[in-house]
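Novice: After the C-alpha cells below, expect a handful of questions from me.
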C-alpha cells in the first residue's frame with residue numbers, strides 16, 4: 001500500500017512538471033522600444049530594466065542616488081548618513097586591528113612592549129585583543145555591505161510603490177457563478 005501511494009505521488013509530480021514545460025509564446029509584434037535591442041533569454045538583467053531597476057542600479061553605484069531618482073529627496077541624507085556611519089566604524093575598527101596587530105608582532109619579535117600602545121608585556125593577552133579587533137573589523141565589513149544592500153532594496157521597492165495604484169475605487173462583489181452551483185468573487189479596479 002505504501003509503495004502504491006508513493007508511486008502515485010511520483011506519477012502526479014511527473015505529470016505536473018510535464019504540464020509546466022510548455023513552449024513560450026513569442027510575440028511577433030514589435031514596438032519602437034524593442035527594435036535593435038537584444039533580448040535576454042534567461043531574464044538575468046530584467047531586474048535592472050525599467051524604473052525600479054534604474055533606481056536600484058543608481059543606488060548600487062552611489063548611495064542615495066536611487067532615492068534621488070525616485071524624487072524622495074528627504075531620504076538622500078539618511079542614506080548618506082547610514083553609509084557614512086558604516087564607513088566610519090569600519091575605518092575605526094581597521095585602525096584598532098592594525099594597532100593591536102602591530103603590538104602583537106612587536107612583542108613577539110622584540111620580547112618587550114611598545115610604551116606608545118600598552119604598558120603590559122603579555123603576547124597572549126595582546127593576541128586576544130587583536131583577535132577581537134579582527135572580529136569587529138569583519139563585522140564592520142558585513143554591516144557596510146548590509147547597509148548598502150538595504151539602501152538599494154529601499155530604492156527599488158519605493159519605485160515599485162510609486163507606480164502602485166492606491167485609488168479609492170477598489171471594491172469586491174459576490175455574484176452567483178455562471179453554469180455552476182456556488183458563488184464567485186469579482187474584484188473591480
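Novice: Using a basic spin-label model with each label point 7 Å from the Cα along Cα→Cβ, how many nm lie between residue 150 and residue 120?
Specialist: Going by the 7 Å Cα→Cβ label model, 3.4 nm.
Novice: Mind sorting 118, 112, 152 by how few other Cβ atoms lie within 10 Å of their own Cβ, fewest first?
Specialist: Final ranking by Cβ density, sparse to dense: 112, 118, 152.
Novice: So how long is each side of region 56-152 along the principal axes, counting just the alpha-carbon atoms, biggest first, in Å?
Specialist: Principal-axis extents of region 56-152 (Cα, largest first): 60, 19, 15 Å.
Novice: Taking neighbour Cβ counts within 10 Å as the exposure measure, how do 103, 96 sort from fewest upward?
Specialist: 96, 103
Taken together, the values in this text are just the output of simple stated rules run on the coordinates, not laboratory data. Being a predicted model, the structure only gives us computed values, none of them experimental. Cβ atoms come from the backbone with ideal geometry, glycine included; neighbour counts cover every protein chain shown.
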